[in-house]
Structures are given as C-alpha cells and as structure tokens.
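The values are calculated or read from the model by the stated rules, or taken from the named source; none is laboratory data. Note that the structure is predicted; figures quoted are calculated from it, not measured. Cβ coordinates were reconstructed from backbone atoms using ideal geometry, including for glycine residues, and neighbour counts include every protein chain displayed.
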Amino acid sequence: MPHNLPVLDLTEEQAKRELTRLAMVLSKANINYHSEDSPELDDATFDSLKKRNYEIETRFPGLKRPDSTSDQVGAQPKDGFAKIRHSQRMLSLGNAFNHGDVEDFIARLKKFLNIAPNQKMLMTAEPKIDGLSLAIRYEYGKLVHAVTRGDGEHGEDVTANALTIANIPQTLIDAPDVLEVRGEVYMSHESFSDLNVGRARANQKSFSNPRNAAAGSLRQLDPRITQARPLLFFAYAWGELSAALGTTQTEAVQCLASLGFTINPLFAQCDTTEELLAHYHKIELGRSVLGYDIDGMVYKVDDLSLQSRLGFRSTTPRWAIAHKFPAELAWTELLDVDIQVGRTGALSPVARLAPVTVGGVVVSNATLHNEDYIAGRDGKGSQIRGGKDIRIGDWVQVYRAGDVIPKIADVDLSRRASNSKPFDFASKLKLEGIEGSRAVGDAVWRYSGSEPLSDLAIEALRHLYQGRRLILKASEPSRLNSFIIGAGFVRQLKFLPSSSDLVLITCSS
Ligand code: IVH
C-alpha cells in the first residue's frame, strides 16, 4: 500500500496497517530524537507522520493503538541518570502549520471561553527554541535539582550539568519558597561550530545540528564534559510554585527575568490573529541571524486565569500552540561539485546548484560532507538517502533550516541521465590540481600539499559564504587581516572585541 494514500481514501484494513507502520517509524524516530541525540528523520517529516497518525486515529477511533504516539511526550529517560518525578507533568505543544490552523486555534479558544469571534483576546508570541526542555527547582532560593523532560512524568536528574550553564542562577533573591522554572537549553551556532571543529580535529563524529549537540552535552554523565560545551538557557514557563509569579504570562515571564533568568527578547504581546501572524513572519525573516535555532513560534493565552479555565488535553495545553516554520525543501539541478580546503586541511566537497529559493533564501551551494556521503553511505557504511548516490547533473532536493549550510536531502533517480557517472573524488582532486590523501578509517580526504593552508582556506570560504557573514578564527589576526583585504572579497571586516582572535567578515557575492 502506498504510504501517501490520502487518509480519507483508506479502508479500515489499510488504516490498521498504516497505523502499525507509523507506530514503528514514529517510535524509532522518538527514541533516536530523545534518547540517542541523533535523529534520522527531519522535524518536518516527523511532524507530518505524526499528523497523519493522528488523522487516521480520528477517522477510525477504534483502531487507535495502546502505544499510540499521540499520547506520548518524549521518551523514557536514559539509563545512568537518577530519575526524578516531575511535580507537574512536562507537556508537549500542539502544532499549527499554516495561517488556517492558527485561525482555527484562536476560534477554538474563543468558543471554549465564550468570547465573541470579533472580540480581542490578548495572546503572547515568542520563538520556539530548538533545544531541549529543562525544569529547574529552587527551594528557599537555592537550586535543588534540574530535570530533563524525559517521558513527561519522569526525567533525568542533570543537576550537576545544569550547574555548569552560565546563565542559570544557582541562588535567587526574593523568589517564592518553591519555584520550578522551565525553559529550553540550547547551543548557539557559534559554539556549535567551534565544538564540531574541535571534534573533527580529534577524529570524533560531529553533531548534526545544535539541538543534538545541546542534548548530547547536557546528558553527559561527567559534568566536566558539559562544562566544556557552552550551553545556554531561556526561561519561558514554570511548574510548581508556592506563590504566583503574576496574573498574566507576560507578568510571570517578566518576573522570571527580574529573578535573574534570561528570557527571550523576541517575546511579544498581540491581541489579534493578524498581529500574531505578522510577528511570526518578522521572526521567520530574521531567524538566520539570531545565532541560535528556532523552529517556529509559540502562541499562548496571556491571561493566566483564562489558561486555567482552558486546561489541558492528554499531552498538550489547550491555551498554547506551536506555529512551525515551513519545511525548507526545494528541487534543483546539481551543476558541479567543487572541492574546498578547510581550515583543518579537510577537503570538503561542495555542491554547486542551479540557484533555487529555499524557505525564502536563494541557495546555490550545499555541503556534501565527504566522499561517503556523496556515495550514499554514512561513516559506518550504512545507507543514507536510501543508498542513492549523488552525481553531477542530478536533480537534487535541497534542505535548508535556520542558518545551517544547505544539505542535499534526496535525489530524483527518475530524472537521472542514462550516461551519468558516479562522482569520483580522487579524479576530481587530480583535475583541480589539489594534493590530498584519505587514510584508512578516515571519512575525510585531507590536504597534503605544500601551499600555506590558511590562504587556501580563506580563498575557499569566498565561494561557500557568498553574501553571508561569518566569523573566522585566526591564529595570526594581522596576517589574516591583510590577506583577506588583499583577496578582495570582503565587504566588511570587524575584529570582535570579546576575543582578540575572532574576526567577523561579510563576503561579497
Ligand atoms: S511552552 C505546556 N514555549 O517545545 C508546554 N515551549 O514542542 C509549555 N519549546 O516541550 C511549553 N520553545 O521543550 C514553550 N517558547 C517556548 C518554547 C517551548 C521551545 C519546546 C518545549 C516543549 C516543546 C513542545
């Protein structure tokens, strides 16, 4: 049975089989995402499968499986950490994918609360941080424990690790006797890229995105490892309290800020659906320069007494919803593959694409990681993209999320030219006159020539970062300064005051 058959066309028998298949796919994805910190499905695909599962269950309620993911939040806590029971369950959020879903959500709220459709109702809108949620309990102003979401009932005790996060206060002044602050732990793009550079140097597997890096870093049995990985925390919610923080969401979040927590600066109050959507579009446009990943916006009813009237469904509050940013996918032609020399000497293949707009941004380059990735296998030899290799001339699907360098998500084999040839890394290097070698057990070809590496690397950056800003680490800033000005592709250059060896440059197109 094709997996994309519309839900309305499914027979009962097909629906049952589809629910079984989805249960397997979703539970595996859930474990990979929450417990192993290495998802195989991208978020948009995961969300759409979960939605399909929910729609089939709604059409055939009798077929709902006892293990349905619709009733689950996260995954079982990882072994090795003490488990702590949450004083109040840590829930998930319902999703909206388009304007219509947001309008339906607002209409549902008003109907529930007996508010006329044209009457204004104050809402809040804030970024949905793409990290992992954490509950931090304070008693009499002292941090007593910090717990991950886990399965929503029980989480992992990561107190020692949370104490290493610079913007989580360890003591509070004038706080309620019992205060459980909830929010998101995340890693900035800059820390993520530094971490991966270090891991590549140490021949360790790199993290695929900042969320996985944050999750992998917080859930370390040795807190010294967490300490070495700069994590940050945004406070946006609370659990058990001995005294109210305010009468509205806005007041409560302000109160958390005054107690010393970092709250997101893009928090806004909106009193119409139009204002919510305008804020969503503004943030979506600016998300690539935020410096951390967000995957949507969260809208909440501002008045806390209305929130408690609305209450909860089994795993989600009725008074809030996540409005996800659209999946950033587009098809285009792979024109060529270039080899770039990285700062560490790694020779990285880069896809040159026929320009295509992906999520509102024109993309003409994508990373191809390494020789194995092009061949359709990962470092362990397992298939990726269903084992499809990538060839020059192929029609490829480009995926771009946030500020990460675009990737090739898929290849359309039905459009492949009959005379196309697999990409040959070694021949390409020879053709380009780049000296390189690949050691047994190393996924990466490495530069083995005699030209000074820093000059090569900087020249290579020109292609990859056309029109974008990047931060370079220079061991000899003055030499780098004269080189990049000489190279003539820098529009703007600034030494970052925080560190003498960081330079911010803007590359011209
Ligand atoms: S409010 C009752 N606000 O998204 C649930 N959640 O998909 C209250 N998240 O589990 C959550 N940013 O980990 C809220 N600004 C934000 C958020 C946010 C990220 C996460 C959170 C939650 C997940 C739901």
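Here is how the numbers come out for the structure above:
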item: Failed item in (1) among the hydrophobic types (A, V, I, L, M, F, W, C); (2) in a strand (DSSP E or B); (3) farther than 30 Å from GLU275 by Cβ, with ILE173 passing the rest; result: (2)
item: Test for PRO223: is it at pLDDT below 90, under 15 Å from the mean Cα position of the chain (by Cα) and farther than 20 Å from PHE261 by Cβ; result: no
item: Single residue of ILE225, ILE136 found to be surrounded by fewer than 18 Cβ atoms within 10 Å (Cβ to Cβ) and not in a loop (DSSP other than H, G, I, E, B); result: ILE225
item: Candidate set from the stretch 89-99 (those that are within 12 Å of the ligand (Cβ to nearest atom) and assigned to a loop (DSSP other than H, G, I, E, B)); member that is farthest from PHE325 (Cα to Cα); result: ARG89
item: Out of LEU335, LEU353, sole residue that is surrounded by 20 or more Cβ atoms within 10 Å (Cβ to Cβ) and assigned to a strand (DSSP E or B); result: LEU353
item: Residue list for the stretch 423-447, restricted to those being in a loop (DSSP other than H, G, I, E, B) and surrounded by 12 or more Cβ atoms within 10 Å (Cβ to Cβ); result: PHE423, ASP424, ILE434, GLU435, ARG438, ASP442, ALA443, VAL444
item: The stretch 226-254, subset more than 28 Å from the chain's Cα centre (by Cα) and free of Cβ contacts under 8 Å to residues at least 60 places away in the same chain, residue farthest from the ligand (Cβ to nearest atom); result: THR247
item: Checklist (1) crowded, with 16+ Cβ neighbours inside 10 Å; (2) within 16 Å of the ligand (Cβ to nearest atom); (3) assigned to a loop (DSSP other than H, G, I, E, B) applied to GLU284, failing item; result: (3)
item: Test: residue in the stretch 69-88 that is crowded, with 18+ Cβ neighbours inside 10 Å and near the ligand (Cβ under 9 Å from one of its atoms); result: yes
item: Among (1) in contact with a helix residue (DSSP H, G or I) (Cβ under 8 Å, 6 or more places away or on another chain); (2) closer than 25 Å to SER70 by Cβ; (3) assigned to a loop (DSSP other than H, G, I, E, B) - the single one MET121 does not satisfy; result: (2)
item: Looking only at the stretch 3-17, and only at residues there that are within 11 Å of ARG59 (Cβ to Cβ) and touching a Leu at 6+ places or on another chain (Cβ under 8 Å), the one that is surrounded by the fewest Cβ atoms within 10 Å (Cβ to Cβ); result: GLU12
item: Matching residues in the stretch 21-60 - criterion: being part of a helix (DSSP H, G or I), at pLDDT below 85 and of a type in the set (S, T, N, Q); result: SER27, ASN30, ASN32, THR45, SER48, THR58
item: Residue in the stretch 129-152 that is in contact with a His (Cβ under 9 Å, 6 or more places away or on another chain), touching a residue at least 12 places away in the same chain (Cβ under 8 Å) and away from the ligand (no atom under 14 Å from the Cβ) present; result: yes
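Conditions tested, residue by residue: (1) out of contact with any strand residue (DSSP E or B) (no Cβ under 8 Å at 6 or more places or on another chain); (2) farther than 14 Å from GLN227 by Cβ; (3) buried (at least 18 other Cβ atoms within 10 Å of the Cβ).
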position: GLY150; (1), (2), (3): no, yes, yes
position: GLU153; (1), (2), (3): no, yes, no
position: GLU156; (1), (2), (3): no, yes, yes
position: ILE165; (1), (2), (3): no, no, yes
position: THR171; (1), (2), (3): no, yes, no
position: PRO176; (1), (2), (3): no, yes, yes
position: ARG182; (1), (2), (3): no, yes, yes
position: GLU190; (1), (2), (3): no, yes, no
